[in-house]
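Report on the structure given below.
The values are calculated or read from the model by the stated rules, or taken from the named source; none is laboratory data. Owing to the predicted nature of the structure, the values given are computational and were not obtained by experimental measurement. Every residue, glycine among them, receives a Cβ derived from its backbone with ideal geometry; neighbour counts consider all protein chains shown.
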Amino acid sequence: MDRSSIADVRFRTMYAVHLDAIVSYCMRRTGRDDAMDAVQDTFAVAWRRIDEVPTGEAERSWLYAVAFRVLSNQRRSTNRFGALKAKLAGTAEQVSRDPAIQVVRNENDQRLIDAVASLRKQDQEILRLIAWEEHPRDQVAAMFGISRSTLDQRIHRAIGRLRKAYDPTDSVQSSSKAAEGEV
């Protein structure tokens, strides 16, 4: 087999094995049309860089990292377009394309969505990979180029910030109870 045939077989195998996971990953982060565009772009990058794609368990992590960057680029583009559209319309209103906001209308869920949105983008993605994708922590650490212990610290701190953002009165109530000797 020549090099191009080997690359073709490798890509087809990778595509068949990981397509559902990448589609699910993208669908949980954006609307259907944008998700499918992101999936196509992710696999286009994989095809162009087939020699750089790691093998084994790291293959899916590499695809998740590419999909994350593709979705980030889409989001920036959408935000720029929304800002331009609002400016042209003479209004500062930003239209949210976040599927979670479109689907969830419950006040508590909205508070959680807002709390997650208050986190740094990278921390949001780390928590989503761990919680939604159930991706192994070692592989998530590798995706972000950090050690496992650094990842664990970031998760711990992000959850603390998430807790505070979700219920800002919680830390105030806890400290006032402690001061009164109620805890």
Of all residues making up region 117-144, the number that are under 22 Å from Cys26 (Cβ atoms) and outside any helix (DSSP H, G or I): 7
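Would it be correct to say that Ala7 is assigned to a helix (DSSP H, G or I) and within 23 Å of Val140 (Cα to Cα)? Quick ask: steps written out before the conclusion?
Working: assigned to a helix (DSSP H, G or I): yes; within 23 Å of Val140 (Cα to Cα): no.
When the stated conditions are applied, Ala7 does not pass them.
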Pairs, first at pLDDT below 65 in region 100-125, second not polar (S, T, N, Q), C-beta under 7 Å, six or more apart: Ala100/Ile113; Ile101/Ile113; Val104/Ile113
Answer yes or no as to whether Thr55 is closer than 27 Å to Arg137 by Cβ and touching a residue at least 24 places away in the same chain (Cβ under 8 Å). no
Of those in region 24-75 that are acidic (Asp, Glu) and outside any loop (DSSP other than H, G, I, E, B), the residue surrounded by the most Cβ atoms within 10 Å (Cβ to Cβ) is Asp34
With (1) modelled with pLDDT under 90; (2) surrounded by fewer than 16 Cβ atoms within 10 Å (Cβ to Cβ) as the list, and Ser149 as the residue in question, which single condition is left unmet? (1)
Of the residues in region 152-183 that are more than 22 Å from Ala115 (Cβ to Cβ) and outside any helix (DSSP H, G or I), the one that is modelled with the lowest pLDDT is Val183
